[in-house]
1. Right, Leu139: touching a Leu at 6+ places or on another chain (Cβ under 7 Å) and part of a helix (DSSP H, G or I) or not?
2. Hey, among Thr148, Thr117, Thr127, which residue is in the same structural domain as Ser198 (by TED's automatic domain parsing), under 24 Å from Glu202 (Cβ atoms) and surrounded by fewer than 17 Cβ atoms within 10 Å (Cβ to Cβ)?
3. Within the stretch 163-198, track down each residue that is part of a loop (DSSP other than H, G, I, E, B) and either surrounded by 17 or more Cβ atoms within 10 Å (Cβ to Cβ) or of a type in the set (Lys, Arg) (or both).
4. Regarding Thr131, is this residue under 17 Å from Lys69 (Cβ atoms) and out of contact with any strand residue (DSSP E or B) (no Cβ under 8 Å at 6 or more places or on another chain)?
5. Might you let me know whether the stretch 102-118 holds any residue that is of a type in the set (Lys, Arg), within 25 Å of Thr131 (Cα to Cα), in contact with a Leu (Cβ under 7 Å, 6 or more places away or on another chain) and not in a loop (DSSP other than H, G, I, E, B)?
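The values are calculated or read from the model by the stated rules, or taken from the named source; none is laboratory data. This one's a predicted model, so the numbers in the text were calculated from it and none came from an experiment. Cβ atoms come from the backbone with ideal geometry, glycine included; neighbour counts cover every protein chain shown.
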Amino acid sequence: MGACISSMVRRIKQVMEACVSSMVRQIKKQAMETRCVSSEVWQKKQREQGLYMMPGASSGHDYIDRKVKIQITSALGVRDNGENIIGLCGPKKRVERSALTAIRTAEKDQLFQKIVTTTVTKKPDITKIQTEIGYAIGLNFNSKRMITAERADLLCAKMKELQTVLIVMYDLHGRLNLGEIGIPFGEDHNGCKILLTSTSLEVLSEQMKVHKLIQL
């Protein structure tokens, strides 16, 4: 009698374990199907908005939201609209990728005679920025004794010789006096476009007072 009961208990235990295993497999399968459906729905929505790229279509520095790319290239390409200073705000790596893509597009479309890039950082080195911009447009400051204002005058005059020029300034953390550097814009040089990147909305909108702000 005892042996029979033990056998029944083992059988019941085996049946229960089999049922539990089957239920677990079914739950995992349903969860996987739900994730797949959710992913497909999300991708469909992103594609409709022009934001999703199929794997392998683009990667690394070539990635950029299509809508943002259109905004940037449109802002860079328009002349005589008073929007000389463009701000690109968002996560640092993403705005850098976006700016790089904009530069490549501008080069491909030959929008500017010269394209210059420089990094500002938390503690801007005006002399370094002036030197980098000057070198990129063919201006060498021969005298190291020149003061900031003298370099700014030379830089401004040299830039005005260019019909179109794009200045890309990465990583702004605070207000930067463009006139002090020697960068002409607006009525002084409508062919000069300035693209500023920052993680801070306040820096771009309040301190730099950009003419057009693009947020990522």
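1. Here the answer is no, as Leu139 does not meet what is asked.
2. Details: Thr148 fails: under 24 Å from Glu202 (Cβ atoms); Thr127 fails: under 24 Å from Glu202 (Cβ atoms).
Just a single option satisfies the conditions, and that option is Thr117.
3. Taking the stretch 163-198 and keeping what is part of a loop (DSSP other than H, G, I, E, B), we get 163-164, 173-177, 182-191.
Of everything in the stretch 163-198, those that are part of a loop (DSSP other than H, G, I, E, B) and either surrounded by 17 or more Cβ atoms within 10 Å (Cβ to Cβ) or of a type in the set (Lys, Arg) (or both) turn out to be Thr164, Arg175, Leu176, Gly182, Ile183, Pro184, Phe185, His189, Gly191.
4. Criteria not met by Thr131.
5. Yes; the residues of the stretch 102-118 include at least one that is of a type in the set (Lys, Arg), within 25 Å of Thr131 (Cα to Cα), in contact with a Leu (Cβ under 7 Å, 6 or more places away or on another chain) and not in a loop (DSSP other than H, G, I, E, B).
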